[in-house]
Amino acid sequence: MSRHVAVVGAGYAGLAAAVELVRAGCHVTVFEANRVAGGRARRVEYRGTLLDNGQHLLLGAYRDTLALMREVGVSDRALHRFPLTLLIPGKLEMRAPRWPAPLNLAWALVGAKGLTWKDRAAAVRLIASLRRHGSHGNTVDQFLQQTGQTPALNALLWGPLCVSALNTPTSLADARIFGSVLHDALMRKAEDSDLLVPAIDLSALFPDAALTWLGERGCEIALGTRVQSLECDTAGWQLEQQGGKRRRFDAVVCAVAPFLVATLAQNVGELRPLAAKLEAMEHQPITTVYMQYETADGPLKWPGFPMLGLTGGHVQWLFNREMLSGTRGLVAAVISASGPHLDLENDVLGTLVHRELTEALGPRPAPVWTKAITEKRATFACTPGSFRPPIETAAKGFYLAGDYTDSRYPATLESAVQSGLMAAKKAMG
């Protein structure tokens with residue numbers, strides 16, 4: 001008889017696990033407390049407009065995520081694919097040609113506008129060091145100092161890349177993880193450094209298609225159903241749903257946030273030490289500020305590339321959602337990690353972000369509305385030595401899946417998907 005496995009959480013990690021388990025012939029039930037799948041990468045509706053609870057950028061190096069999307073029927077048109085491009089208006093313009101690696105990166109540095117030859121030489125020195133020795137030093141700041149990076153490079157290139165990839169400032173971020181991201185994105189195939197920006201909302205990007213694929217193959221899907229507690233005995237695992245209903249399973253893949261795992265695991269003796277460590281994990285927030293501009297005023301003045309970097313203020317990245325998804329007049333501004341912006345009201349923050357946009361792109365009437373969405377615990381704090389649990393736990397038949405589990409990558413969609421696939425393989429027994 002096939003194993004009956006519960007997958008708790010329908011984010012990217014949980015759905016990856018469910019797909020892998022169904023492919024192996026397991027009987028799977030997916031529980032999700034939210035009525036919309038996707039976890040921290042899901043659709044949000046506001047004033048009749050489909051938004052996301054955060055902006056997610058994929059890389060061409062995300063092989064497992066892209067393969068899984070194809071498996072469940074997601075069209076290639078769901079993602080805009082661009083060669084590596086970094087554009088900070090008035091400060092930096094770097095575009096990689098579609099040449100084999102590492103020639104594409106070398107030409108991008110040579111032709112970059114806004115960098116001196118000293119800056120270019122320092123960047124080459126860091127990349128050469130990464131190829132020979134990997135990253136060294138505990139924090140990214142230490143790694144940058146040891147490889148002789150310039151203030152301009154730190155402000156315009158390495159700093160923005162670090163905070164966008166690790167959601168942790170360079171002064172605190174883990175140099176080893178940052179080195180892994182740079183290595184895999186820049187030093188393998190040329191297409192690995194491609195930027196893949198969603199053209200549709202994040203629930204439609206993978207979760208919706210995965211749910212359809214799973215449903216067609218007999219997987220039981222319980223959206224809007226919270227798992228209250230779980231217990232383990234010699235016969236397997238018993239889960240209690242909201243409302244008191246109990247279900248029995250051979251194994252559990254727990255694909256929810258670390259602090260929620262801690263709540264579920266506190267009644268299982270073997271899991272109590274793990275629960276304490278998960279409860280103590282530190283996190284970093286991500287805030288996305290949406291600005292809806294009046295379309296009668298004409299299209300926004302924009303340099304042509306839909307993703308722009310900003311420096312010197314609160315906002316790190318601007319996404320032109322009109323260029324990406326066709327939503328007229330909509331711009332998303334991303335502010336990663338902690339900062340004083342977290343204390344501001346929605347309207348005040350919207351005004352501040354609009355001011356930073358106009359300083360970079362020129363005058364524009366105030367937006368019709370703004371909406372700030374903050375994921376307070378968007379990612380774990382990717383600092384040296386931070387606790388990242390293994391997928392297999394001390395309790396037989398209980399496995400973790402999520403972007404926070406032990407991995408050479410930071411909290412990304414790719415690390416979430418990889419953890420889900422590995423957890424499923426272990427849960428097959």
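Excluding same-chain neighbours fewer than eight residues apart, the lysines reachable from K189 by a Cα-Cα span under 29 Å are K91, K113, K118, K425. Our note on the geometry: Cα centres of the range 155-207 and the range 369-429, 16 Å apart.
Labels on offer are (1) 75, 47, 41; (2) 61, 56, 38; (3) 66, 54, 40, and the one holding Cα extents along the principal axes in Å computed from this structure is (3). Taking 0.36 nm per residue of sequence separation and removing the Cα-Cα distance, the A366/K396 pair yields an extension gain of 5.1 nm. Our helix-only sum for the chain, with -39,500 (n - 2.57) per DSSP H run of n ≥ 4 divided by its residues, gives a mean residue ellipticity at 222 nm of -9500 deg cm²/dmol.
Give the carbon-plus-sulfur fraction of the accessible surface of the chain in %, rounded to a whole number; probe 1.4 Å, heavy atoms of protein chains only.
On the way: 9290 of 18060 Å².
With neighbouring chains kept in place, the figure for the chain is 51 percent.
GNM on the chain, alpha-carbon springs under 10 angstrom: the most fluctuating residue among P299, P389, P198 is P299.
A crude spin-label estimate for the pair Y46 and T234, with each label 7 Å from Cα along the Cβ direction, gives 5.5 nm. Specify the residue with the greatest mean-square fluctuation among A37, A395, A257, computed from a Gaussian network of the chain linking alpha-carbon atoms under 10 Å apart. Result: A395 has the largest fluctuation of those listed. For the residues T116, T170, T65, a GNM of the chain with alpha-carbon springs under 10 Å puts the largest fluctuation on T116.
Loop-located trypsin sites (Lys or Arg not before Pro) across the range 1-94 with a Cβ neighbour count of 11 or fewer within 10 Å are R35, R47, with loop assigned by DSSP. Give, as ranges by residue number, the residues of the range 208-245 whose backbone N falls under 12 Å from the point 7 Å along Cα→Cβ of M428. Residues passing the 12 Å test: none.
The residues of the chain expose on average 42 square angstrom of accessible surface per residue, using a 1.4 Å probe on protein heavy atoms. Helices in the chain that qualify as membrane-span-like (whole DSSP H runs, Cα extent of at least 20 Å along the helix axis, mean Kyte-Doolittle hydropathy of -1.0 or higher) are 117-133, 346-361, 413-427.
The values are calculated or read from the model by the stated rules, or taken from the named source; none is laboratory data. Predicted, not measured: the structure shown is a model, and the values here were computed from it. Here Cβ is always computed from backbone atoms with ideal geometry, including for glycine, and neighbour counts include all displayed protein chains. Ligands, DNA and RNA are excluded from the accessible area calculation, which covers all protein heavy atoms including side chains. Shrake-Rupley method; radii C 1.70, N 1.55, O 1.52, S 1.80 Å.
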